[in-house]
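Q: A single structure is presented below for examination.
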Amino acid sequence: MAHELQLSLDGTASMAYVGAMPWHGLGQKLTENATIEDWRREAKLDWQLHRSTVQFMNGQMHDFPEHHVLYRSDSNAPLAVVSDRYKVVQPGEVLEFFRDLVAHSGFTLETAGSLKGGRRIWALARTGFDAEVVDNDPVKNYLLLATSCDGSLATTAQFTSVRVVCNNTLHLSLHGAQAALASASVIKVRHNTEFDPTVVQDQLRLIGEKVFGSFIDRMKNLSQKPVSAAQADAVLQSLMSSIATPDVTKSRGYKTVMGLFNGAGKGAGLDGVRGTAWGLLNAVTEYHDFHIRARGQDNRLNSAWFGIGANAKEKALQALEAL
């Protein structure tokens, strides 16, 4: 349910955005010229991670100095237990990462917030690299920066795309592409290493437009690749082989994706989308972004960007390119 998106102490959603209202209808709307300070306040990221030595009671209080509790400065809510070597990335640092990119590189912040009580923090900015895969089917390029305080996610800078007609998201994976581009399409800094934003920014500035150009070329190739009903069935059965049912074709997921591919999906009737590998990829993506059942919109977003949904999209892309 929408209200399960992380709420702040005043009952408002821990998310801010510009432009159209997000699908869950929550969050604080900002103007496009909002400052980083405005974003931090309205996205409810104006708190810090504090750390304290773990203690336990056994007749008397004992310290466990090799492990620390990370907790929020605004509510004292405990978020994680980590080692004393864990390198914290503060909520404000995620937004601060974009200050120079917005000021000098033409980036525009579009959404930021937190999930899972503040354990996962993200900001998403439009890079300005836009293109059409087919006529009237534009795709926008974004940079997603996300981190966690519980070790579940390295601090990750990831180029991602958004198909305008339906807001489907797809990471700009460069599977099988030039090695130099592939290694830079996603940058991960583990929490046993200090996060240096200037190093990451420099790498991303150099590679961003090339990554997006390569991605669009691959999507155009998919738009020229017809997919028969038998091929679509084979791809979906392979993707959904882990479903605990003797007949995948009777599952809700299979029926939903096939329906989206066969015309129910947004933009599914466009030339170059209808009956093509590009159309089937978008059917899989739309299903994982908007149709899959999840316990809360925060879990849906987390899956689409970082979890099961993101992995399913990548597998679908690889399968369709291999046809």
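Q: Do we find a residue being assigned to a strand (DSSP E or B), in contact (Cβ under 8 Å) with a residue 24 or more places away in the chain, outside the structural domain of residue 270 (by TED's automatic domain parsing) and not polar (S, T, N, Q) anywhere in segment 84-102? Reasoning before the result, please.
A: Looking only at segment 84-102, we keep the residues that are assigned to a strand (DSSP E or B), and these are none.
No.
Q: A further question follows. If you check residue 79 against the conditions, is it part of a strand (DSSP E or B) and under 22 Å from the mean Cα position of the chain (by Cα)?
A: yes
Q: Can you find a residue that is crowded, with 17+ Cβ neighbours inside 10 Å, assigned to a loop (DSSP other than H, G, I, E, B) and touching a residue at least 12 places away in the same chain (Cβ under 8 Å) anywhere in segment 121-131?
A: No - not one qualifying residue is present in segment 121-131.
Q: Can you give me the number of residues within segment 202-251 that are among the β-branched types (Val, Ile, Thr) and touching a Lys or Arg at 6+ places or on another chain (Cβ under 7 Å)?
A: So the count comes out to 0.
Q: Look through segment 240-259, keep the residues that are in contact with a Gly (Cβ under 9 Å, 6 or more places away or on another chain) and more than 25 Å from residue 132 (Cα to Cα), and return whichever of them is surrounded by the most Cβ atoms within 10 Å (Cβ to Cβ).
A: Checking each candidate, the answer is 240.
Q: Ok, one more. Within segment 31-61, can you find the residues that are part of a strand (DSSP E or B) and either of a type outside the set (A, V, I, L, M) or farther than 30 Å from residue 124 by Cα (or both)?
A: Once the filter is applied, which keeps residues that are part of a strand (DSSP E or B) and either of a type outside the set (A, V, I, L, M) or farther than 30 Å from residue 124 by Cα (or both), segment 31-61 yields 50, 51, 52, 53, 54, 55, 56, 57, 61.
The values are calculated or read from the model by the stated rules, or taken from the named source; none is laboratory data. Here the structure is a predicted model, which is why all the values come from computation and not from measurement. Counting neighbours? That spans all protein chains shown, and the Cβs are built from the backbone with ideal geometry, glycine included.
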